[in-house]
1. What is the distance, in nm, between label points placed 7 Å from the Cα along the Cα-to-Cβ direction at D77 and at D154?
2. Using Cα pairs closer than 8 Å and at least 6 residues apart in sequence, work out the relative contact order for the chain, in percent.
3. Springs between alpha-carbon pairs under 10 angstrom, Gaussian network model over the chain: which of P32, P134, P42 fluctuates most?
4. Hey, rough spin-label estimate for I143 and L36, points 7 angstrom out along Cα→Cβ, what's it come to in nanometres?
5. Give the carbon-plus-sulfur fraction of the accessible surface of the chain in %, rounded to a whole number; probe 1.4 Å, heavy atoms of protein chains only.
6. Report the local net charge at A109: Lys and Arg +1, Asp and Glu -1, summed over other residues whose C-beta lies under 9 Å from its C-beta.
7. Find the relative contact order for region 37-139 and round it to a whole percent, using C-alpha pairs within less than 8 Å whose residues are 6+ positions apart.
8. Quote the charge dipole size of the chain about the Cα centre in Debye, to the nearest 20; the model charges only the Cβ of Lys and Arg (+1) and of Asp and Glu (-1).
Amino acid sequence: MKNKIYKFILVLINVFALILFSCRNKSSPSPPLVYLAGFYGPSGNTTACYWIGATRYDLPGGTTYAYANAIFVDASDIYVAGVYNNGGDDVACYWKNGVLIDLHTTSKAQAYGIYVEGGIVYVAGVYYTTKLVPVYWIDNGSISPNPLPAGIGDAYANSIYVSSGTVYTAGYYDNGGSNVACYWVGTTKTDLSG
């Protein structure tokens, strides 16, 4: 009988401890860090920037305007894709930890998406010839543009993803009367219905 009383008391102590510890005020988890790319300022005189939470970080470049269009965080490195105006032309670029890196083209260009895999930077965007040409750039120590096939009119590469070295780019093109959503695997284009 004594043994049953001890077991009962032990069960009561465990239940009491469980209730006590489960009812304690648990600290709420801290909110996740949010990274955003963008710009601010009056039209025609904007400054590219990014935010970590509510803290803004301005990015250099641009005599009249600059835009940050996409952001990618890889460990402690922050990559931002965008464009700045050098006083005459739009220059596609990206910033790594606030340092401006031009994406070399022979014409006006803009960058819209960015991805980093294995220390190699991939950027999606457009450059202008007689029309807007979708492109992705690879920066693995030397920057190389990779034009993407599209329709008869202007086309855009808006976002980019890389898996095991295979580049996936999403965008759209003008087929002579309407815009067609599409994606590229490498440089092979697939139209999307709708």
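1. 3.3
2. 10 percent.
3. P32
4. Between I143 and L36, the label points sit 2.8 nm apart.
5. Details: 6420 of 11290 Å².
Heavy-atom surface of the chain belonging to carbon and sulfur, 1.4 Å probe: 57 percent.
6. -1
7. Details: 261 pairs, mean separation 18.0, N = 103.
After rounding, I find 18 percent.
8. Details: 10 positive and 11 negative charges, 316 e Å.
Around 1520 debye, computed over the chain.
The values are calculated or read from the model by the stated rules, or taken from the named source; none is laboratory data. Bear in mind the structure is a predicted one, so any value in this text is a computation, not a measurement. Here the Cβ is made from the backbone with ideal geometry for all residues, glycine too, and neighbour counts use every protein chain on show. Just the protein is used for accessible areas: all its heavy atoms, side chains included, with ligands, DNA and RNA removed. Shrake-Rupley method; radii C 1.70, N 1.55, O 1.52, S 1.80 Å.
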